[in-house]
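A short worksheet on the structure shown next.
The values are calculated or read from the model by the stated rules, or taken from the named source; none is laboratory data. Computed from a prediction, not measured in an experiment: that's the story for all the values here. Here the Cβ positions follow ideal geometry from the backbone for every residue, glycine too, while neighbour counts run over all protein chains shown. Heavy atoms of the whole protein, side chains included, go into the accessibility calculation; ligands, DNA and RNA do not. Shrake-Rupley method; radii C 1.70, N 1.55, O 1.52, S 1.80 Å.
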Amino acid sequence: MSSGHVPDTPADNLTEQVEGDSKKQELPAVPDMDVSEDTGFTVKIQAPGTEPTDFQVSPLAMVQEIKQVLMDREETCRRTCFSLQLNGITLDNFAHLRSIPGLQEGSILRVVEEPYNFREVRIHLRHIRDLLKSLDLTDGYNGVEGSSPSFLSCVTEECQEEDSKPKRRGDGLKQMSCSPPDHILPGSKERLLVPLLPHTNSGKSSGCLKVLTMSSWNPPPGNRKMHGDLMYLNVVTMEDRHFSITASSRGFYVNQSTTYSFNPKPANPSVLSHALLDLLSHISPVFKKNFSALLKRRYARSTHPFERIATPFQVFSWTAPALDHTMDCVRAEDVSSFCLGYEEHVPALARDWNEELQTTRELPRKTVTDRLMRDRAVFKANSDFVSTATRGAMAVVDGNVMPINPSEEPRQQMFIWSNIVFSLGFDVRDQYRDLGGEAAAHAAPVLDLNGVRAYWAVDQEGLFLIGTVVIDYRGYRVTAQTIVPGILERDQEQSVVYGSIDFGKTVVSDDRYLELLDKPSKKLRVQRHLVLNKDDTAVELRSSVEHKGIVGNDGRRYILDLLFTFPPDLNFLPVEGEDLNPVCQQLGFPKLHPHRLVCLRQELIDAFVEHREVQKGMESQDTKICVCLNMNITNIFIHLTGVRFPKESTEDIQKQKQQLKDAAVFLISNQIAAFTKSCLDHTSMPLDGVTLTEALHQHGINIRYLGTVLEYIEKIPQKERLDHVYVSLITRCAKHLFKTYLLAVEPSALSASVSHFLNCVLSSFAEARVIQQNDKLASRRRSRRRRSRASVGSTVTSCSNLTPTDLWGAIKAEAQEYYHYSLPCGSVEEAVDKCRLQRITLLREIAIKTGIQILLREYHFDSEHKTLFTEEDILNIFPIVKHISPRSSDALYLLRCGQSRVQQGCLKEGCELISQALGLFTNVYGALHQDVCICLRLLGRIHYILGDYAEALSHQQRAVLISERVLGIEHPNTIQEYKHLGLYCFAVGQPVTALRLLYRARYLMLLVCGEDHPEMALLDSKIGLVLHSVMACDLSLKFLENALVLTSKYQGPSSLKLAQSHHLLAKVHESKGDFRAALTHEKERYGIYRKQVGEAHEKTQESSEYLKHLTHQAVILQKTMNWIYKTGSDTNIPPFNVSAVHQLNLVTGIVLIPLR
């Protein structure tokens, strides 16, 4: 599963520290927070014909949000067109509850049905469509409507009635439910794909309707509008009866129209229903029955509301089952309502995205409540903008939007759609000729986005940024940006009041901009500096000379072109006359990169400054070293030879150059070693490409250093522990080639060409060729048929020339050129053999990185006589979206304070702070967000440590659901959440459910990274312990023995964790009565403890006592067996008492912290 989005922060970043001096303070709450402002209260909701029901609300919620929740509840889901009234007064939909006079605890809000208009009818139909498809995962697989799949309820649904642990003698009774499928067992080489998407019991719901579409009689004629007609619908029921239905201002009724005859009068007998569902239930008994059954499953105990809520950013699945394409009137209307290709006719329909984004950032921010309202508005506007920009970028690439400069070459064209300007990532007019051409043009949008992200995080009041989204789709890189008011009406020279438009030759400045940039420059470590204008006058700047300040027609001051926000990376930027540190030179630096837009990461700058502070003995704030790495060095070193500096700045410029050189050697000598060490000591354990990227970025290491990282790894003895780095390098090289490959492919040949590319990367079939199954379309004109064939055939021919040998040769060449690394494999077989990779992992990584969606089926990768992929296996290509993710500063502050208190041992205080953070996050983002998931996981862990297992289980269940929906069903974070949930299920006495969850986690790990990973040792230990608790000893031994092998490999032969693994195996062997094997393992444990911690340590003593116990038990067993042989009697040998939960805590690393 791929989110299709590049997150701003790591998903599992739970160790963020409190900034500044907050770690040293007592931090019960944000200083200006009035907790009572967000204290929820209960009101009563009364719908027509029902009794009032209690409803918990937040004062910060809007009336519209209450209506949305009511539309999702079973008893009120049939209505959409209604208002809420308090004491007979209709409430404003966009009013916040705290601002409504008279609304208090116990107030009764009445649901009052309102007349329809055309918009309300459309909303009603969309809601009905969503209800009818609520158990169908089609939208989730298609990546639309904020839908994404979740399978937690499916994994646990067979265990819902489990109430307690099985008895000790239940080995035989419970064996079937404890046994995993063969492909999950340790040592299995099968890597199945189909179990990734389990079949749910609900499956596809029983049909409620055959057809619900718009009628061809729309729109109503003028005389019928005078009668209140708004729209006509056609319905075919499951009984195969055809109805024409009128949607009027009063509601819905059946009319007398047929396919060829228009008669809008009500049919006999006439029935008017305010809700269409009520009318359908009246005319179709099958609909009434099946829809009632659907609602029961929708609101069943095993499902959770989080499974139905839309995610703020769309998540895309890289695999999906074969889906039936059904008639859908709402989907069809959506396509027409986008008005693709007809923008000039509907200018009023488009939202002014720039105005929305800037207005929300201008909202008050004085109090916590003000900031919460502002954060919520900013987040909502940004997520809507990202969604629209993504849809528009896809439309641009698909050819559905007219360019604003149609006479230009296709690569130079720009587009405006929905008040968003779209540009393609090509080198237009040789703008990047001296920087790397097309490679630089491709990199520039992401660098610009990184700059926007950095300035956005500073959040300087009065300084405005344009909304920016970067979308990779079908080989194209599209930049979507909001439009600065007036920028299209003026020349750039007239617009820019700060910065330069001619690469530093002409530079202008502005006092107001200097004032606005003061705070950001300090945060981003940019020093004030002077540059010379063309008339030799000194101009002061507080940013890169390439940054442009523009005053829009709305009076706002915008900062644009932020791609040079961070300093250059001299390791990949050869500069004549400048020599790097000998440490870098010994490793071959500086190295040539495909482009010269190479910048250091902000994380590296922060780490470098901290390193310098430590070296300088933590000097005071006033005498701190010059921490700025002058952005103008970027211009000097890269391309802007026109930038000149005053003579008095010469000495300072030399210092800046030296700092850049020091930063470059710091990255090589410190950060790469620190990253490798964190992987080897398991502080950071990346499972896939996403988590590897996050780990590298946390250390300030750019992805272009992958080759250097691999060269460093190959020099250490434990190099086999980091084989997963090869996966990322190979798949990234394949992604680079795939981008270029797709640009030459016509739309009609996409599926055939993509399948051929995958065959060349992954198949063992040496003669892979493009096999395009034409849709057997015959043209009436012979000449046209020939032309069509030639145009498609040219594409297919160029693609079909690609062979596996050619592609792997190109991958090796790309690895050498881009990453300066000599890849040791020239085929997929060599990659599997030499780099110890698995093909299904390569497939997943390539699909996620390129946006390919493949058919869910089993792929036989080792077949040498058959093509692996066909064009029918390629279901879709999704966009990869990079964007800003605004975060709630107050909630983050509370979260960090809570983490700090927990680390100090104050669990209850920390729990309270994190609970407050959770409330704020939910108010800002809604329920489905990564930060909400982090809070829930932390709260679950705290409640577990405090002994409140049921509360821990409740929090962790929601964390799993959110992670599945927001990050993906097999994202490494989701795997971790499953493991935690399995532990908590076991603690509350549900071992079978715990096993199913842990088996799911193991399957996902096998798919993502394979069995050979240190995390697998921990997981297998947990599974073995749970199996031992239900006396499935043989199965338990399989998992514990595999855990022992992996622990020995990754932790070393003298590790205390290896001693623990030996002890767990001794326990299981004791339960089986195999005391010889138990003694062997326990002696190993005793030897490790004695060597590592000494004879007198309590663990060594504990092991010694257990050895005595085992010896004693062995003697008793022998005597008992002798007595049985003599007398023929039977007896039971009582096992040594063991706390499985305690052992699980030790394996997991959970230690109770003394409460204070």
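Structure notes:
- Identity of the residue in the stretch 807-829, of a type in the set (A, V, I, L, M, F, W, C) and over 17 Å from Phe869 (Cα atoms), that ends up surrounded by the most Cβ atoms within 10 Å (Cβ to Cβ): Ile811
- Within the stretch 830-873, being charged (D, E, K, R), more than 16 Å from Val1008 (Cα to Cα) and open to solvent by less than 10 Å² (accessible area, probe 1.4 Å) holds for one residue alone: Asp873.
- Qualifying residue in the stretch 407-421 (condition: in a helix (DSSP H, G or I), on the phi > 0 side of the Ramachandran plot and basic (Lys, Arg)): no
- Among residues that are at pLDDT below 85 and among the hydroxyl-bearing types (Ser, Thr, Tyr), Ser495 is included.
- Flag if Leu998 is touching a residue at least 24 places away in the same chain (Cβ under 8 Å), out of contact with any Phe, Trp or Tyr (no Cβ under 8 Å at 6 or more places or on another chain) and open to solvent by less than 30 Å² (accessible area, probe 1.4 Å): no
- Any strands (runs of 3 or more DSSP E) falling wholly within the stretch 449-546 and containing at least 3 residues that are over 24 Å from Leu424 (Cβ atoms), in contact (Cβ under 8 Å) with a residue 60 or more places away in the chain and not aromatic (Phe, Trp, Tyr): 529-532
- Here the condition is being touching a Lys or Arg at 6+ places or on another chain (Cβ under 8 Å) and modelled with pLDDT under 90; of Glu578, Glu546, it holds for Glu578 alone.
- Condition met for Leu1007 (surrounded by fewer than 24 Cβ atoms within 10 Å (Cβ to Cβ), in contact (Cβ under 8 Å) with a residue 40 or more places away in the chain, part of a helix (DSSP H, G or I) and more than 46 Å from the chain's Cα centre (by Cα)): no
- Only one of Thr1111, Thr1080 that is more than 30 Å from Gly905 (Cα to Cα) and modelled with pLDDT under 90: Thr1111
- Enumeration of residues in the stretch 307-360 that are farther than 24 Å from Val966 by Cβ, modelled with pLDDT of 80 or more and either assigned to a helix (DSSP H, G or I) or within 26 Å of the chain's Cα centre (by Cα) (or both): Ala322, Asn354, Glu355, Gln358, Thr359
- Given (1) farther than 23 Å from Leu357 by Cβ; (2) surrounded by fewer than 18 Cβ atoms within 10 Å (Cβ to Cβ), number of the condition Val526 does not satisfy: (2)
- Hey, Asn923 over 30 Å from Leu372 (Cα atoms) and in contact (Cβ under 8 Å) with a residue 12 or more places away in the chain or not: no
- Positions within the stretch 240-256 being under 14 Å from Ile283 (Cβ atoms) and either of a type in the set (Phe, Trp, Tyr) or touching a helix residue (DSSP H, G or I) at 6+ places or on another chain (Cβ under 6 Å) (or both), in sequence order: Phe243, Phe252, Tyr253
- Test: residue in the stretch 877-885 that is of a type in the set (A, V, I, L, M, F, W, C), farther than 30 Å from Ala61 by Cβ and open to solvent by 20 Å² or more (accessible area, probe 1.4 Å): yes
- Within the stretch 427-441, residues that are on the phi > 0 side of the Ramachandran plot reach partners that are at pLDDT below 85 with beta carbons closer than 9 Å, at six or more positions or on different chains, in the pairs Gly437/Asp430.
- Residue satisfying all of: in the stretch 706-749; open to solvent by 60 Å² or more (accessible area, probe 1.4 Å) and polar (S, T, N, Q); nearest to Glu1015 (Cα to Cα) among these: Gln718
- Among the residues of the stretch 230-250, not a single one is among the aliphatic types (A, V, I, L, M), surrounded by fewer than 16 Cβ atoms within 10 Å (Cβ to Cβ) and either assigned to a loop (DSSP other than H, G, I, E, B) or at pLDDT 95 or above (or both).
- For the stretch 989-1004, the condition holds for at least one residue, the condition being that it is assigned to a loop (DSSP other than H, G, I, E, B) and modelled with pLDDT under 95.
- Tally of residues being open to solvent by 80 Å² or more (accessible area, probe 1.4 Å) and part of a loop (DSSP other than H, G, I, E, B) across the stretch 271-287: 1
- Among the residues of the stretch 547-558, the one identified as among the β-branched types (Val, Ile, Thr) and either in contact (Cβ under 8 Å) with a residue 60 or more places away in the chain or surrounded by 23 or more Cβ atoms within 10 Å (Cβ to Cβ) (or both) is Ile550.
- All positions within the stretch 798-843 that are among the polar types (S, T, N, Q), free of Cβ contacts under 8 Å to residues at least 12 places away in the same chain and outside any helix (DSSP H, G or I): Asn801, Ser822
- Residue in the stretch 56-71 that is without any contact (Cβ under 8 Å) to a residue 24 or more places away in the chain and in a loop (DSSP other than H, G, I, E, B) present: no
- The selection criterion, being part of a helix (DSSP H, G or I) and out of contact with any strand residue (DSSP E or B) (no Cβ under 8 Å at 6 or more places or on another chain), does not hold for Leu928.
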